[in-house]
1. Out of curiosity, is Asp15 at pLDDT below 95 and loosely packed, with under 10 Cβ neighbours inside 10 Å?
2. Looking only at residues in the range 29-41 that are β-branched (Val, Ile, Thr) and open to solvent by 90 Å² or more (accessible area, probe 1.4 Å), which one is nearest to Tyr8 (Cα to Cα)?
3. So which residues in the range 32-70 are within 29 Å of the chain's Cα centre (by Cα) and of a type in the set (Gly, Ala, Ser)?
4. If only one of Val73, Val86, Val79 is part of a loop (DSSP other than H, G, I, E, B), surrounded by 10 or more Cβ atoms within 10 Å (Cβ to Cβ), modelled with pLDDT under 90 and more than 23 Å from the chain's Cα centre (by Cα), which one is it?
Amino acid sequence: MEARFQVYVNYEQEDVQEEKVAFDGLITIVEPSVSLFDWRLLSTWSFVAALLGGAGYFTYLNFFPAPKKATKVKKAAPVGPIDSPVIAGSGVYNEDWIPAHHIKKGKGKGGALSSGDESDSRRRRR
């Protein structure tokens, strides 16, 4: 394909502007040869594909959360026969399974009352 190509140069000399023709002629436009094994083309397409894949993966992780897995409810294994029923307030219960730090009640240094702390000194202040 041929085309006419003109290049003009504008310059100023001693407050006078002039315009001159630098090139005037025909040029020929030639397409470069295309190969399937062009290294620049392959590397450009792989880089663009990696960027789009990374952006897609980021979007998938942030906007499409994974579905929650269904959990099966396990039935509790039978414990065995109960020795005797516990009567509330009787103080009769099996202490084997209760951790030691739950059995011991230490007196705090004026901390806030917990749900099970009902000492006599605190009741009188109310």
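The values are calculated or read from the model by the stated rules, or taken from the named source; none is laboratory data. Everything quoted here is computed from the prediction, not taken from an experiment. Here the Cβ is made from the backbone with ideal geometry for all residues, glycine too, and neighbour counts use every protein chain on show. These area figures cover heavy atoms from the full protein model, side chains too; ligands, DNA and RNA do not enter into them. Shrake-Rupley method; radii C 1.70, N 1.55, O 1.52, S 1.80 Å.
1. Values: at pLDDT below 95: yes; loosely packed, with under 10 Cβ neighbours inside 10 Å: yes.
Here the answer is yes, as Asp15 does meet what is asked.
2. Our first condition is that a residue be β-branched (Val, Ile, Thr); within the range 29-41, this holds for 29-30, 34.
Imposing the further condition that a residue be open to solvent by 90 Å² or more (accessible area, probe 1.4 Å) reduces the set to 30, 34.
Working: Val30: 24, Val34: 34 Å.
In this case the residue turns out to be Val30.
3. Selection gives Ser46, Ala49, Ala50, Gly53, Gly54, Ala55, Gly56, Ala66, Ala70.
4. Val86
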